[in-house]
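Trainee: Provided herewith is a single structure, encoded as C-alpha cells, for subsequent inquiry.
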Amino acid sequence: MTALALTKRARPGRPLAVTLVDSAAIGSIGVGEATVPAILDYLTSVQADVPALIRDSRATLKAGIAFQDWRAIGQRYFHGFGLYGASAGGVGFHQVLAWLQAQDGGQDLRLEDFNLCAQMALRGRFAAPPAQPEADHDIYRWALHLDAGLFAQHLRRQALGSGVQHLDGVFEHADIGPDSGAITAITLTDGRRLEADLFIDCSGFRGLLIRQALRQPWVSWRHWLPCDRAVAQPTAGSGPATPYTLAQALPAGWRWRIPLQHRIGNGHVYASAFMSDEQALQLLQAHQDGEALAEPNWIRFDPGHIAQPWVRNVVAIGLSAGFLEPLESTGITLIHSAIDKLLALWPDDPQAPALAAEFNRASLLEMERIRDFLVLHYALSERRDSEFWRHITAAPLPDTLVHKLAVYRANGHFVRHEWETFQDHSWLAVYDGLGVRPQQLDARLARFQAADVRQGCEAMQAAILRRAEQAPLSDAEVLARALQVAP
C-alpha cells in the first residue's frame, strides 16, 4: 500500500525513487480481511481499477458489522456505515426517537430500523447511495471484505508497474550514522546493501528498523484491551455472501466471520490470561460452518503502539507502528491514514524534527480514538458469565472515554475529538446497541407533538424497510462499476 501510494502521490516535478524490500520466504499475518469505507478513498487516490481488484482479491461487499452476544447472550446490534433517520428542527434523530419512546412508550420503534444501510445489509441486499439524499438515512457508504494476500499481490503488481523497484531479500542489519543517529543503509542476508534518504518500516510486529535498529519502545494497552492472541482458519463457503462482518462475543473474547467469494474467513481473538490456545481453537471450530481449508494460523500480539513512529529518517507504518484488535476492521485504514499524514508532511530533509513531532502527535491521537471506541464495546456489556467478562467490565476506562460517555449519558451529545476515525453515527450504533440512553434530551423537543412525531417516524420506518426489501442482492463488483468506483 505504501510503496504504491508514494509513486502515485509524489509532488509534481519531484519524482521519488521507491524501492520495496521484502521476501517471499517470510509470510505475512494475512488474516485482516475486512475494511471500512475509507478503503475506497485509498483506492481512488492510487487510481486503482477497483472492479479488477475486487475480482483479483475475491472481495465481497461490506456494509457494516453485526455484533452478536455483546450486550447479553442472544442479543444483536448492527454497526452500519450510514446515518439514522432524519433530523427534525435541528435536533438529531436519535434524540427525537428517544423523546418519542419516553412520551408514548414507543419501544416498537427501534433505532436500527431507521438505518437504511443496516436494513439492506441484514437482508443480504444493497443499493448505491442516492446522488441527492433526501434524509440522513440516505447518506451511507460501503467497504470490502477481501483476501489480504490476494489484495497485496494486486497492489504489488500495480506498484511495480508504476515504477517501484523490488528487491527480494531478507533484512540482516542497519547501518546507523555515528553523529546523526539516522539509518544510512540496510544490508540484506546475501550481502546486498541499500542506501536511502528515508526508510519506511512496514516489517510488521518485528519492527526491524523502528524497534530493533532504533530501539523505540512499545507502549502496551493490554490493561484496557486484554485480548492478546488470535487463531484463524478459513472454511469453504456455501450460499450467498452476507454483506457484513459477524463479530460474536465469546467467553474470553470474540470471533469473526468474513465471507469472501471463494471461502469464509474465521478467527477467534481471545485473552490468553483467561483461555488456553487449545480451548480457543476448539471454540472457534465449534462455531465454524463448512470444511476447513487450511491449518489454524496462530497470532500473538500486544495491543498498543510504538512510542514514536517517526524517528530520525525512519517512519513506521502498519503493524510496526501499532496494533489494535480487528474488532472494527481498522488495520488497513490506519495504514492509509499514516500514508496520508506522511505525504502531507513530506520533508525536504528526512530528519525534520518538527514534522516528525506532528506526525507522531497525530498518529497517537488517532490510535487513542480507535482504542477508546474498541474499549467501549467491552466496557458497557452486561455479560458477567465468565471471568473475562467480569474482569473487563470492571476495569477502569481511559479518561477520554470516561468523558465521552459522561457527556452522552447526560444529554445525548457526541464529543468530537481531533483525529476521530469513527464519526457520530458509529458511536451511536454502539451506544444504542449496548443500551446507553441519554438522561436528558434536547430542550427544543418540548415544542413537538408526540402524535405527529410518531406518525412521521412510522412512515419513515415503513419507507426504509420497503426500500431495503426492494434493493438488489449485494454484489461488490457490480456496485463498483455502477458508481464508477466512487466511494
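Trainee: Go ahead and estimate [θ] at 222 nm for the chain from helices alone: -39,500 (n - 2.57) per DSSP H run with n ≥ 4, summed, over the residue count, rounded to 500.
Mentor: -10500 deg cm²/dmol
Trainee: Mean separation of Cα pairs under 8 Å and 6+ residues apart, divided by the residue count of the chain: what relative contact order is that in percent?
Mentor: RCO, the chain: 23 percent.
Trainee: Provide the per-residue ³J(HN,Hα) series for region 251-268, in order, calculated from phi with Karplus coefficients 6.51, -1.76, 1.60 and θ = phi - 60°, each as a whole number of Hz, with x at glycine and proline positions.
Mentor: x, 9, x, 7, 10, 10, 9, 10, x, 10, 5, 10, 6, 10, x, 10, x, 10
Trainee: If you don't mind, another one. Roughly what angle does helix 331-344 make with the longest principal axis of the chain, taking Cα atoms, 0 to 90 degrees, to the nearest 10?
Mentor: Helix 331-344 and the main axis of the chain meet at about 60 degrees.
Trainee: How big is region 101-206 by the Kirkwood estimate over distinct Cα pairs, in Å?
Mentor: 19.9 Å
Trainee: Could you work out the relative contact order of region 229-298, using alpha carbon pairs under 8 angstrom and six or more residues apart, expressed as a whole percent?
Mentor: 44 percent
Trainee: List the lysines whose Cα sits under 26 Å from the Cα of residue 404, skipping any in the same chain fewer than 8 residues away.
Mentor: 341
Trainee: A further question on this structure: Quick one: compute a quarter of the convex hull surface over the Cα atoms of the chain and quote it in nm².
Mentor: 24.0 nm²
Trainee: For the chain, with the dipole built from +1 on Lys and Arg beta-carbon atoms and -1 on Asp and Glu ones, taken about the Cα centre, which of 120, 480, 284 lies farthest toward the positive end?
Mentor: 120
Trainee: Provide, as a two-decimal number, the C-alpha radius of gyration of region 399-470 over 2.2 N^0.38 Å, N being how many residues it has.
Mentor: Compactness ratio reported: 1.39.
Trainee: Could you tell me the largest-minus-smallest coordinate of the C-alpha atoms of region 229-298 on each of the three principal axes, in descending order and whole angstroms?
Mentor: That gives 37, 23, 16 Å along the principal axes, largest extent first.
Trainee: Between residue 250 and residues 5 or more places away or on another chain, which pairs have amide H atoms under 5 Å apart, with H built 1.01 Å from N, and which residues are they?
Mentor: The answer is 255.
Trainee: Order the peptides 337-347, 280-290 from the highest to the lowest mean number of other Cβ atoms within 10 Å of their residues.
Mentor: 337-347, 280-290
Trainee: Here is a follow-up. Could you go through region 114-126 in sequence order and give the Karplus-derived ³J(HN,Hα) for each residue, using 6.51 cos²θ - 1.76 cosθ + 1.60 with θ = phi - 60°, rounded to whole Hz, and x for Gly and Pro?
Mentor: Going residue by residue, I get 9, 10, 4, 4, 5, 5, 5, 4, 5, 9, x, 10, 6 Hz, with x marking Gly and Pro.
Trainee: I've got another one for you. Hey, can you rank 296-302, 116-122, 158-164 by average C-beta count inside 10 Å, highest first?
Mentor: For the peptides 296-302, 116-122, 158-164, the packing ranking is 116-122, 158-164, 296-302.
Trainee: How would region 155-212 be classified by its alpha-carbon gyration tensor: rounded, prolate or oblate, with rounded meaning a/c under 1.5 and the a/b versus b/c comparison settling the rest?
Mentor: In terms of gyration-tensor shape, prolate.
Trainee: Would you mind checking which residues have amide H under 5 Å from residue 139's amide H? H placed 1.01 Å from N; only 5 or more apart, or other chain.
Mentor: Correct list: 83.
Trainee: Moving to a separate point now. Report the semi-axes of the equivalent ellipsoid for region 368-487 in whole Å, largest first, where each axis is √(5λ) for an eigenvalue λ of the Cα gyration tensor.
Mentor: For region 368-487, the ellipsoid semi-axes come out as 31, 25, 17 Å.
Trainee: How do the peptides 307-320, 51-64 rank, highest first, by the average count of neighbouring beta carbon atoms within 10 Å per residue?
Mentor: The densest-packed peptide leads the list: 307-320, 51-64.
Trainee: Still on this structure, I have one more. Kindly express, to the nearest 10 degrees and within the range 0 to 90, the angle between helix 277-287's C-alpha long axis and the longest C-alpha principal axis of the chain.
Mentor: On a 0 to 90 degree scale, this one is about 50.
Trainee: Relative contact order of region 277-370, please, whole-number percent, based on alpha carbon pairs below 8 angstrom and at least 6 residues apart.
Mentor: 26 percent
Trainee: In terms of modelled amide H atoms, which long-range or inter-chain residues lie less than 5 Å from the amide H of residue 184?
Mentor: So residue 184 has HN proximity to 175, 176, 177.
Read-outs throughout are calculated quantities, based only on the coordinates presented, and are distinct from any laboratory measurement. Keep in mind that what you see is a predicted model, and the values were worked out from it rather than measured. Cβ: placed from backbone, ideal geometry, glycine included. Neighbour counts: every protein chain shown.
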